[in-house]
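Notes follow once the structure below has been shown.
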Amino acid sequence: MYHVVAATRNPAKIKAITGAFADVFGPDQCHISGAETESGVADQPMSSQETLTGARQRVFNARQQHPEADFWVAIEAGIDENQTFGWIVIENSATRAESRSASLPLPSTIMDALRQGQELGHVMAGLTGIENIKQKGGAISVITDGLLTRTSVYHQALLLALCSMQHPLYQQATLP
C-alpha cells in the first residue's frame, strides 16, 4: 500500500487526490493523509508562475514533514490573467510530475476584487452566501451550475500528472 501525503487539509482537494490515486493504482491501494503546509506565496497567487511555485513549495514542505511517504501531492489554486486554475505537483522518491488544470474565465467584477487583494474563495462566499466555498465545489461549481467542481477539475489534472509518472513512454530515452 502506498502512503500519499496531500499537502492540504482541504476536503475538495483530498477527495480529488484520493480518487485519482484509486483510479491509477486501484481501490484501497493508497493511504492518503493530509498535512498543513505553507506555500511561500500569496494567499491568492496572481500568476501561473507564482501558483506553480506555491505547489512546489507545498510538496517540499510535505516531504520535510513526512519523509517516509511514497508520494507527496500539492494542488495550488491561482489566477492567471482573468482565469482561475490549479497547478498539480506530485513527487515520489525518483521523479516529479506537474500538470495544470482546466481554467475558468472569471467575470470582470470578480477580477476587480481579486486585483484589490481579495481571495477568490472569500469573494465567492460573499457573492453566494456559501460558507467555506473553496472547501466545497468552489467558484467553478457556482459558475457551471454544478456541472464541474474543484474536485472534478483537479481529478483530471491529477490523472494527467500521475500517468506521466507511470506510463512507459515517459521512461523511454529514445523512440524505437
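The values are calculated or read from the model by the stated rules, or taken from the named source; none is laboratory data. Since we're looking at a predicted model, the values are computed, not measured. No Cβ is skipped: glycine too gets one built from the backbone with ideal geometry, and neighbour counts run over all protein chains shown. These area figures cover heavy atoms from the full protein model, side chains too; ligands, DNA and RNA do not enter into them. Shrake-Rupley method; radii C 1.70, N 1.55, O 1.52, S 1.80 Å.
Since only 124, 86, 103 are under comparison, the one whose Cα sits farthest along the positive direction of the charge dipole of the range 53-176, derived from C-beta charges on Lys, Arg, Asp and Glu, is 86. Among the protein heavy atoms of the range 63-176, carbon and sulfur supply 51% of the accessible surface, probe 1.4 Å, non-protein parts ignored.
The residues of the range 1-135 have, on average, 48 Å² of accessible surface per residue, using a 1.4 Å probe with all protein chains present. Counting every alpha-carbon pair across the range 37-152, the share separated by more than 23 Å comes to 31%. Name the residue farthest towards the positive end of the dipole of the range 20-86 from the options 39, 69, 22, assuming +1 on Cβ of Lys and Arg, -1 on Cβ of Asp and Glu, about the Cα centre. Farthest along the dipole direction, towards plus: 69. Placing unit charges on the Cβ atoms only, positive for Lys and Arg and negative for Asp and Glu, gives the chain a dipole magnitude near 100 debye about its Cα centre.
For the range 1-93, just say rounded, prolate or oblate: build the C-alpha gyration tensor, square-root its eigenvalues into a ≥ b ≥ c, call rounded for a/c under 1.5, and beyond that prolate if a/b exceeds b/c, oblate if not. Prolate, because a/c is 1.5 or more and a/b exceeds b/c.
Eigen-decomposition of the gyration tensor built on the alpha-carbon atoms of the range 1-54 gives equivalent ellipsoid semi-axes of 26, 11, 9 angstrom, largest listed first.
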